[in-house]
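Worksheet for the structure shown next.
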Amino acid sequence: MINQAKDINEKITWQDMTTGCEIYEPGTSRLTKTGEWRSRTPKWLPDLCKQCLLCVPYCPDASIPVEDGKRAEFDYEHCKGCGICIGACPFKAIVWEDEAQ
């Protein structure tokens, strides 16, 4: 069995392989969950949030969903922890929360 797998791998050249992490069709970026890349996590403080939604368009990963016209909890499956939303929030309703190591 091992020899069989080795024979198959030897027939594949690097020119035949697709480049990793490239998106070849629209809509597939939702399938690429990149949240595990984070080293820091933004935390939303709903009590301080005024629902101005200024953070939403600043998020480069569209990780701040809006439901029924109101900001919802982060989509942590796609949030990479860049912190842009923290700077965009005028009410300090988003703060850093360090990831557990």
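The values are calculated or read from the model by the stated rules, or taken from the named source; none is laboratory data. Just so it is clear, the structure is predicted and the values come from calculations on it, not from any experiment. No Cβ is skipped: glycine too gets one built from the backbone with ideal geometry, and neighbour counts run over all protein chains shown. Note: accessible area is taken over every heavy atom of the protein model, side chains too, but ligands, DNA and RNA are not part of it. Shrake-Rupley method; radii C 1.70, N 1.55, O 1.52, S 1.80 Å.
Here LYS92 sits with roughly 130 square angstrom of accessible surface, probe radius 1.4 Å.
Other residues within the sphere of radius under 12 Å centred on the Cβ of LYS92, judged by their own Cβ, net out at +1 (K and R +1, D and E -1). Within straight-line reach of LYS33, meaning a Cα separation under 16 Å, sit the following lysines at least 8 residues removed in sequence or on another chain: LYS80. Phi angles across region 54-67 convert, under the Karplus curve 6.51 cos²θ - 1.76 cosθ + 1.60 with θ = phi - 60°, into 3J(HN,Hα) values of 5, 5, 4, x, 7, 5, x, 10, 6, 9, 10, x, 10, 10 Hz, Gly and Pro given as x. Using the Karplus relation 6.51 cos²θ - 1.76 cosθ + 1.60 with θ = phi - 60°, the per-residue 3J(HN,Hα) values for region 33-43 come to 7, 9, x, 6, 6, 5, 10, 10, 10, x, 10 Hz, with x marking Gly and Pro. For region 35-76, GluC sites (Glu not before Pro) are listed when DSSP marks them as loop and at most 15 other Cβ atoms sit within 10 Å of their Cβ; the list is GLU73.
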